[in-house]
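Some notes on the structure that comes next.
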Amino acid sequence: MTGRGKIRVLLADDQAMVRTGFEMILAAEDDIEVVGQAADGLEAVELAERHRPDVVLMDIRMPRLDGLEALRRLTRPGLVDPPKVVVATTFDDDEYVHRALHDGACGFLLKDSGPTLLVEAIRAAASGEALVSPSITLRLFRGLPAPAAPGAREPGSSGLSARETDVVRLVANGLTNAEIAAELSISVGTVKTHLGNVQTKLPARNRVEIAAWAWRSGIVER
């Protein structure tokens with residue numbers, strides 16, 4: 001995030017109504033500012049160079065230049081302080097997800113994920129995290145190979161406490177921080193603290209890698 005105190009966001013979607021809806025959701029947040037709107041991928045790249053947003057919220061299927069190619073241009077090697085990119089789409093094809101995350105996206109949301117997850121994804125991206133829509137997270141990681149033997153990687157081997165393990169299981173099942181807090185009767189701040197500790201212990205860069213570890217280790221029931 002810039003020193004101006006607000007997360008500067010650029011919206012890129014070929015549907016004006018979608019952009020307007022996203023802007024209304026984000027404008028209600030004190031720490032987020034929408035600095036521009038693009039109707040296609042080429043305009044998104046141009047406006048990103050002009051406005052230097054912290055985060056670009058981008059659709060995949062757009063005219064002139066699709067969102068995946070725009071993502072590659074916005075995150076290409078050699079750029080100074082490139083924006084974080086969160087992909088928001090109605091298309092939940094696994095290939096799109098893998099390509100977007102491989103090419104540097106800091107989040108992948110379905111457009112019907114709801115305002116809470118949208119705002120959380122923007123904030124996560126701005127702080128260097130990655131958030132993937134829960135329904136996508138479950139589908140991606142349930143397909144990972146099971147551990148070689150039951151208990152092959154016990155939670156204790158990574159140094160996780162019992163409560164941290166509880167948090168990891170819920171992350172792996174696609175719950176948001178707010179939902180985890182409600183499930184465990186703790187504050188959202190405490191959830192974030194646990195996740196920070198988990199990232200250090202595993203190690204993992206973000207909640208997506210935490211979820212992948214949980215499914216591979218066998219601590220999540222399939």
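Modelled with pLDDT under 95, over 23 Å from LEU110 (Cβ atoms) and surrounded by 14 or more Cβ atoms within 10 Å (Cβ to Cβ): which single residue out of ARG73, ARG4, ARG50 fits that description? So the residue among ARG73, ARG4, ARG50 that is modelled with pLDDT under 95, over 23 Å from LEU110 (Cβ atoms) and surrounded by 14 or more Cβ atoms within 10 Å (Cβ to Cβ) is ARG73. Residues of region 72-105 that are under 26 Å from ALA27 (Cβ atoms), touching a helix residue (DSSP H, G or I) at 6+ places or on another chain (Cβ under 7 Å), without any contact (Cβ under 8 Å) to a residue 40 or more places away in the chain and in a loop (DSSP other than H, G, I, E, B): PRO82, THR90, ALA105. Scanning region 161-217 for residues that are open to solvent by 40 Å² or more (accessible area, probe 1.4 Å) and small (Gly, Ala, Ser) yields a count of 7.
Within region 37-54, identify whether any single residue is assigned to a strand (DSSP E or B) and farther than 23 Å from GLU129 by Cβ, and answer yes or no.
Of all residues in region 37-54, those assigned to a strand (DSSP E or B) come to 37-38.
Imposing the further condition that a residue be farther than 23 Å from GLU129 by Cβ reduces the set to 37-38.
Yes, region 37-54 contains at least one residue that is assigned to a strand (DSSP E or B) and farther than 23 Å from GLU129 by Cβ.
Taking residues in region 188-199 that are over 10 Å from ARG163 (Cβ atoms), and partners anywhere that are surrounded by fewer than 16 Cβ atoms within 10 Å (Cβ to Cβ) and small (Gly, Ala, Ser), the pairs with Cβ atoms closer than 6 Å and at least 6 places apart or on different chains are VAL188/ALA178.
When you scan region 109-116, do you find a residue that is open to solvent by 80 Å² or more (accessible area, probe 1.4 Å), hydroxyl-bearing (Ser, Thr, Tyr), at pLDDT below 90 and not in a loop (DSSP other than H, G, I, E, B), even just one? Scanning region 109-116 turns up at least one residue that is open to solvent by 80 Å² or more (accessible area, probe 1.4 Å), hydroxyl-bearing (Ser, Thr, Tyr), at pLDDT below 90 and not in a loop (DSSP other than H, G, I, E, B).
Residues in region 194-213 that are of a type in the set (A, V, I, L, M), assigned to a helix (DSSP H, G or I) and farther than 15 Å from ALA125 by Cα: 5 in all.
Taking VAL18, is it in contact (Cβ under 8 Å) with a residue 60 or more places away in the chain, in a helix (DSSP H, G or I) and over 16 Å from the mean Cα position of the chain (by Cα)?
Details: in contact (Cβ under 8 Å) with a residue 60 or more places away in the chain: yes; in a helix (DSSP H, G or I): yes; over 16 Å from the mean Cα position of the chain (by Cα): yes.
Against the criterion (in contact (Cβ under 8 Å) with a residue 60 or more places away in the chain, in a helix (DSSP H, G or I) and over 16 Å from the mean Cα position of the chain (by Cα)), VAL18 qualifies.
Filtering region 160-189 to residues that are within 19 Å of TRP215 (Cβ to Cβ) and basic (Lys, Arg) leaves only ARG169.
The values are calculated or read from the model by the stated rules, or taken from the named source; none is laboratory data. Every value quoted in this text rests on a predicted model; they were computed, and no experiment measured them. Note that each Cβ is placed from the backbone with ideal geometry, even for glycine, and that neighbours are counted across all protein chains shown. With ligands, DNA and RNA removed, areas are computed over all heavy atoms of the protein, side chains included. Shrake-Rupley method; radii C 1.70, N 1.55, O 1.52, S 1.80 Å.
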